[in-house]
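Let me begin by presenting the structure, written as structure tokens, before commenting on it.
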Amino acid sequence: MSASISTPSSAKPSISTKLCIDASFQLQRDNFTLDSTFTAPGSGVTALFGPSGSGKTTLLRCIAGLEQPDRAHFTINGQCWQDEKINLAVHRRPIAYVFQEASLFPHLNVRDNMRYGWRRIAKQQRKIQFDDVSVWLGLEDLLERRPEQLSGGQRQRVAIARALLTSPQLLLMDEPLASLDANGKAEILPYLESLWQELDIPVLYVSHAPEEVQQLADHLILLDQGHVVASGALNTLLTDPLLAISHFEEAAAVLDAHVVAHDKEFHLTSLAFDGAQVSVSYNGLPLGHKARLRICARDVSLALVQPLQISISNSFAVRVVSIDPDRDPSQMLVRCEVGGQHLLSRITRRSVHLLKIELGQQVYAQVKSVALMK
């Protein structure tokens, strides 16, 4: 289900000059306490990540005005929606809310489902156009179908399109892929990756799946038992050995890179970041195209000298900045710096001992697999 409403001119939020999201909510419900304060960018995707019961959905509902906390403060890009004096009602908050279930109208086709909210927005307030959303989410060939004729991933794409066509100032997404199987998630994730490049509104994305966060988010807020554990740029938190997320089996770094060359003979594309270079399967992206790379900790081994005559082609110099015990007592988590970015290497404790790896040492990262995220 998606929901959205524009703020009428008679109830405009108060204005400040701070272009970001600034939030603080305190709420007591039975045996659960939400006491969360955070600041996030006023654009891009901010993921709210944490285990079940950590308060992610409750926090999102507070932002939407669906929960009334005991104390609250919320401003977004210069507009105050809630504080000691202001408390905009749900229908006066210019948001779109996408839930776990698409909840499309079964009697309407895709086109009319998408237009449901769009028709209720005044023409002068329509900042997102129907044809654009159809292209962004790959729905052009599905417009005449009914919901029962769609896959789970297709239905969720329609729900997202319906929400966007209300031209919200903030998009809230509460685990929108949770009801999909692996195939459904694989189908929709590339569309979401491309979608964020087209939008200029902030997105708050709730998830407890590390792979989704790594693939979609720019900024990360970690929640546990109703409290914000950490908040910051995605790669900074993903590679912080003091945070539990860096010790997950799926632990990975997400690095900013750009396309520098194509090798059509061997079907490879080269990307560079901070003086290092890696190759991925040829993708046809233009030279200079900015992209993100996901490198899993388990796919990074370390060597004291530049490796020669090995099958791993992605190897580059890094500097060791931390060495920490991992969840498995036989493993260590080594955080390395390349330029201004960080990546993780999960290697055995014995390897650290035999190689005599130390803080500040230059070593060579050998990366077995790199995932390109456009």
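Annotations
- Just one of the listed residues (ASN31, ASN109) is of a type in the set (S, T, N, Q) and free of Cβ contacts under 8 Å to residues at least 12 places away in the same chain, namely ASN31.
- Residue match in the stretch 273-281 (condition: within 22 Å of the chain's Cα centre (by Cα) and either of a type in the set (S, T, N, Q) or closer than 19 Å to THR236 by Cα (or both)): yes
- Residue tally, condition within 32 Å of the chain's Cα centre (by Cα) and either open to solvent by 40 Å² or more (accessible area, probe 1.4 Å) or among the hydroxyl-bearing types (Ser, Thr, Tyr) (or both), over the stretch 297-308: 2
- Every residue from the stretch 186-211 that is closer than 25 Å to ALA251 by Cβ, of a type outside the set (Gly, Ala, Ser) and open to solvent by less than 60 Å² (accessible area, probe 1.4 Å): ILE188, LEU189, LEU192, GLU193, TRP196, VAL203, LEU204, TYR205, VAL206, PRO210
- Selection over the stretch 343-369 of residues that are closer than 24 Å to ASP274 by Cβ and open to solvent by 40 Å² or more (accessible area, probe 1.4 Å) gives a count of 9.
- Among the residues examined, ARG294 does not qualify as surrounded by fewer than 18 Cβ atoms within 10 Å (Cβ to Cβ) and either within 23 Å of ILE245 (Cβ to Cβ) or modelled with pLDDT of 95 or more (or both).
- Unique match (being in contact with a Phe, Trp or Tyr (Cβ under 7 Å, 6 or more places away or on another chain), of a type outside the set (Val, Ile, Thr) and touching a residue at least 60 places away in the same chain (Cβ under 8 Å)) among LEU271, LEU216, LEU195: LEU216
- Any hit, the stretch 142-157, residues being under 30 Å from THR33 (Cα atoms) and surrounded by fewer than 18 Cβ atoms within 10 Å (Cβ to Cβ): no
- Within the stretch 261-291, considering residues that are at pLDDT 90 or above and under 17 Å from GLN341 (Cα atoms), the one surrounded by the most Cβ atoms within 10 Å (Cβ to Cβ): LEU271
- Selected residue (criterion: nearest to the chain's Cα centre (by Cα)) from residues of the stretch 119-141 that are open to solvent by 50 Å² or more (accessible area, probe 1.4 Å) and closer than 15 Å to PRO94 by Cα: LYS127
- Complete set of residues in the stretch 56-67 that are over 20 Å from the mean Cα position of the chain (by Cα) and in contact (Cβ under 8 Å) with a residue 40 or more places away in the chain: GLU67
- Flag if ALA209 is under 24 Å from ARG61 (Cβ atoms) and small (Gly, Ala, Ser): yes
The values are calculated or read from the model by the stated rules, or taken from the named source; none is laboratory data. What you are looking at is a predicted structure, and each value in this text was computed from that prediction instead of being measured. Note that each Cβ is placed from the backbone with ideal geometry, even for glycine, and that neighbours are counted across all protein chains shown. Quick note on the areas: whole protein, heavy atoms, side chains included, nothing else; ligands and nucleic acids left out. Shrake-Rupley method; radii C 1.70, N 1.55, O 1.52, S 1.80 Å.
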